1. For B:Ala83, state whether it is over 21 Å from B:Thr181 (Cα atoms), touching a residue at least 60 places away in the same chain (Cβ under 8 Å) and more than 9 Å from chain A (Cβ to nearest Cβ).
2. Could we say that A:Val301 is out of contact with any strand residue (DSSP E or B) (no Cβ under 7 Å at 6 or more places or on another chain) and either free of Cβ contacts under 8 Å to residues at least 24 places away in the same chain or in a helix (DSSP H, G or I) (or both) here?
3. Say whether the condition of being surrounded by 24 or more Cβ atoms within 10 Å (Cβ to Cβ), within 14 Å of chain B (Cβ to nearest Cβ) and not aliphatic (A, V, I, L, M) is met by at least one residue in the stretch A:148-159.
4. Looking at the stretch A:8-52, which of its residues are within 16 Å of A:Cys138 (Cβ to Cβ), more than 12 Å from chain B (Cβ to nearest Cβ) and either in contact (Cβ under 8 Å) with a residue 40 or more places away in the chain or assigned to a strand (DSSP E or B) (or both)?
5. Answer yes or no as to whether B:Tyr263 is within 14 Å of chain A (Cβ to nearest Cβ) and under 30 Å from B:Thr181 (Cβ atoms).
6. Inspect the stretch A:271-285 for any residue being β-branched (Val, Ile, Thr) and either part of a helix (DSSP H, G or I) or touching a Lys or Arg at 6+ places or on another chain (Cβ under 6 Å) (or both) and give the result as yes or no.
7. So, restricting to strands (runs of 3 or more DSSP E) that lie completely within the stretch A:68-140, which ones have at least 1 residues that are farther than 17 Å from A:Gly52 by Cα and within 18 Å of the chain's Cα centre (by Cα)?
8. Find the strands (runs of 3 or more DSSP E) located wholly in the stretch B:1-63 whose residues include 1 or more that are away from chain A (no Cβ under 14 Å) and touching a residue at least 40 places away in the same chain (Cβ under 8 Å), and list them.
Amino acid sequence: MSKTIKNLKQFSTANERFEGAHLLCPGCAHSMIVRELMNCTEDNLVLSTNTGCLEVSTAVYPYTSWDSSWIHIGFENAATAVAGAEAMYNAKKRKGTLPNPDAPVKFVAFGGDGSTYDIGFQWLSGAVERGHDFTYICLDNEVYANTGGQRSSSTPIGASTTTSPAGRVSYGEKKMKKDIVGIMGAHGAPYVAQVAPNKWKDMVKKLQKSLETEGPCFINAMSACTTEWKFDPKDTISVSDVAVDSLVFPLYEIIDGKELNITYRPKNILPVRDYLGIQGRFKHLFKPENQHVIEQWQKDVDARWEYLQRREEARV
Amino acid sequence: MAEKMELKEVEVWDGNMAYAQAMRQAQIDVVAAYPITPSTPTVQNYSKFLADGYVDGEFVMVESEHGAMSGCIGAAAAGGRVATATSSQGYALMMETLYQASGMRLPIVLGVVNRAIAAPLNVNGDHSDMYMGRDSGWIHVATYNPQEAYDMILCAFKIGEHMDVRLPVQVHQDGFISSHTAQNVRPLQDEDAYDFVGEYQEKNAMLDFTKPVTYGAQTEEDWHFEHKAKQQKALMDSRPVIDEVFEEFEKRTGRKYNRVETYMMDDADIAIVALGTTVESARAAAQIMREEKGIKVGVVSPRVFRPFPYEKMQEALANVKAVATMDRSAPGGTVGMLFNELSGALINTDKRPVLTNYIYGLGGRDMTIENLKTIIEETNANAEAGKLTVPTQQFSGLRGPKLSFF
């Protein structure tokens, strides 16, 4: 059952099921998203996490930050781990052998963008196609942050990472990020959405909707990374604000693979340049020879916004 | 409740049907599986049982073998009986998760139908997959025919789920020679089989919300070694439980299994050591060579080769003068696994028999009685000379010039 979260006090309530004493970087957005997922429901949770920042920061033996059932297997298979647990729940429910038969339960998998867009995509796609009743949350910080900032297929054009570094003859990453939300929508999943922790009301609503929706749901959560995006740890929320107000991270949902709803329309749309300018990873784009990348960025964001609005109108 | 299946006293089953029937009778909660030759029929038979109402657990047809074992791990950690089957490339793809299953001490049962590993691509039986995973922290049980495949799957649940063990168990049978060859199998009736296997006992179940549990934590140099040592202890401590389960199975069925199987070893001067269907061929060849040539040859096979039956192999081979170890896996630049294991087990014994190694049967090449007769004769010559009369390692059944490097 969903909890009522109407104000910031309720939003920021410490959740007993996710200890604050974890090892995530100061300013990391992961913990805001995870805490809120665990805060927004009163149901029992069976959780899984792919290898990544969240996993290595929350379960270093002999400690654990999780006061809920939690499993980590490998880099790629959190979706399948929780799908297996869900299958076990269904089997035991049918056979009448559940240890807590009347306890409501939700199944949730977490992964970073590396484990979601890249190495774990097959496992995610398979689990969604099979229709397990679970929610998959991608903590998207657009880089393999846990291993020291290598590019993933979520890394946007122009970002300097440790495997797509900007240099004398390179402006960094050459490709725009993969459209994971569109791809998951194309699976026909009943609920797919993009969220950002700064827009917390929108995020809580979508998290609750994904938990309450039967079947496989997918949430792509923007998780600004102070370490790899290179901004001051105190600026996580302000950077996130610029991300959504410049439409770099538009907030929307897709229902049953068809109905697309834009859930946040900025009153003043900021130029992409403003978003790029506040992060060290894009610093080199402001050299005269890289101006074309910023122009390309703006064109891509405009085209994407146009596409989302048309999809919303079309209702198909 | 699942329907009961009436079984005849003697059924004609191939090894895959034997696996599937034993899995059905164990009333597994979750099977997560993916097809691959030659273990595919295990999964197909099981899904047909489900379609006909004989299974009331969940059957999850995943997108890869890695996914199959990942799903099994999630399901087992949730708290219930779990099994799957695979072969060869699928086994290789599962490899990462095999270590994770054992490291998390989850009593999953994996029915392996052994097959070669590419390249070159080959669908036939050899032990390359079995050898690849032998150190993955699972209990490994070898079988020689469909009857044993059936019996050992039932025993595997009881061993792995035992509260003093809690480890995953692999049962192996040879691709095609056992998996696709219909033979007489004497099954237990459903109630009897389930009574033997017993109810699943939960331990640290993720679905027990009164006691949240963290699976798959990280340990670095401060704790990892202690965890792996505990895992090794659990594997070694499983030996008396395996013996108990085999005894209980004998009481119920009259079929006696041992961690090391011996054949005509009482007066043997020499021994063949092998795994899988070759054990049956070697027994036939031993009988012939005793009758035809008067060579006192016996056959020894580690039924359970992890935990390796070190002392039992020493005992079984205590009085022989020469031993031929037979490895059905490409040795990858060294001697075969059985040669290595036996060298280790026998080096500190009083008699230290002359030890040779035969690589054979790769990619489904037949191991014939004629090949085995040659091996027995060579081993006998070693015993009589008290030293090697042939190279340490040879390739048996290989076309072209003779190969030996050691």
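Bear in mind these aren't lab numbers, they're just calculated from the coordinates by the rules spelled out. Since we're looking at a predicted model, the values are computed, not measured. Please note: Cβ atoms are built from the backbone with ideal geometry, for glycine as well, and neighbour counts cover all protein chains shown.
1. Answer is yes for this residue.
2. yes
3. No - not one qualifying residue is present in the stretch A:148-159.
4. Selection gives A:Cys28, A:Ala29, A:His30, A:Met32, A:Ile33, A:Val34, A:Glu36, A:Leu37.
5. no
6. Among the residues of the stretch A:271-285, at least one is β-branched (Val, Ile, Thr) and either part of a helix (DSSP H, G or I) or touching a Lys or Arg at 6+ places or on another chain (Cβ under 6 Å) (or both), which makes the answer yes.
7. A:105-112, A:135-140
8. Counting at least 1 such residues, we get B:11-13.
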